[in-house]
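Worksheet: one structure, shown below.
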Amino acid sequence: MVSGGTLTVANLRAFEQGCKRYFSTKAIAAPDQVRRVIYNFEDETVSSWIFNIEDELMNLSFSDFMARLRDKWLSNTWFVEYSKILMTPQSDTPFTQWVNTLRNANKILRSEEDLYMDDKRLRRHIRVLLSDDLGVEYGTINGDAPGVLDTIADLDK
């Protein structure tokens with residue numbers, strides 16, 4: 001359930017993850033997913049919008065439904081915040097926490113083809129933004145050994 005108020009990237013992301021967990025736990029088939037969650041918005045403006053085009057929305061895949069929500073309710077520049085996160089160097093942030101932050105921001109940007117990075121590009125990006133100390137240590141120990149950064153960053157190959 002999304003409570004009343006302004007929809008944000010964060011609360012839409014939480015809603016999306018909650019829905020996916022629900023679909024998985026209850027074994028909800030893809031064609032039924034949107035109709036099972038479409039009425040979980042308490043905000044009157046959002047629920048009115050849904051009510052007025054519910055037939056159209058119910059025929060969308062869940063992924064397309066979420067894209068439609070983002071297009072309708074988020075500012076035209078919502079992706080800027082997440083693009084900036086992707087450009088943040090590691091600095092003093094613990095490695096795993098930093099990588100998870102980058103991966104989450106990148107995943108949120110998946111609908112923005114010019115900003116989203118596939119795993120190969122994200123690995124290169126992480127390598128460039130490593131803290132100086134870790135970057136030197138990584139390069140000295142591993143050179144360009146494939147798989148090492150994948151393993152420590154928990155990235156798929």
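With every protein chain in place and a 1.4 angstrom probe, the accessible-area ranking of L122, L60, largest first, reads L60, L122.
For the cross-link pairs K20/K107; K72/K107; K20/K84, the ones whose C-alpha atoms lie over 23 Å apart are K20/K84. Surface exposure of the chain, expressed per residue as accessible area with a 1.4 Å probe, stands at 62 Å². Our helix-only sum for the chain, with -39,500 (n - 2.57) per DSSP H run of n ≥ 4 divided by its residues, gives a mean residue ellipticity at 222 nm of -18500 deg cm²/dmol.
About its Cα centre, the dipole of region 1-95 is roughly 320 debye, where the only charges are +1 on Lys and Arg Cβ and -1 on Asp and Glu Cβ. Largest first, the residues W73, W78 sort by 1.4 Å accessible area into W73, W78.
Summary of packing: across the peptides 107-117, 32-42, the per-residue average of other C-beta atoms within 10 Å ranks them, highest first, as 32-42, 107-117. Backbone amide hydrogens, once placed in the peptide plane, bring F41 within less than 5 Å of V2, excluding anything fewer than 5 places away on its chain. Hey, of [x] 67, 50, 35; [y] 60, 32, 25; [z] 128, 54, 23, which did the structure itself give for Cα extents along the principal axes in Å when calculated? Derived directly from the coordinates: [y]. Here the simple spin-label model places points 7 Å from the Cα toward Cβ, and for L60 and K26 these points are separated by 1.9 nm.
The values are calculated or read from the model by the stated rules, or taken from the named source; none is laboratory data. Bear in mind the structure is a predicted one, so any value in this text is a computation, not a measurement. Ideal geometry is used to build each Cβ from the backbone, glycine not excepted, and the neighbour counts take in all protein chains shown. The protein model used for the area step is the full one, side chains on, heavy atoms only, and it has no ligands, DNA or RNA in it. Shrake-Rupley method; radii C 1.70, N 1.55, O 1.52, S 1.80 Å.
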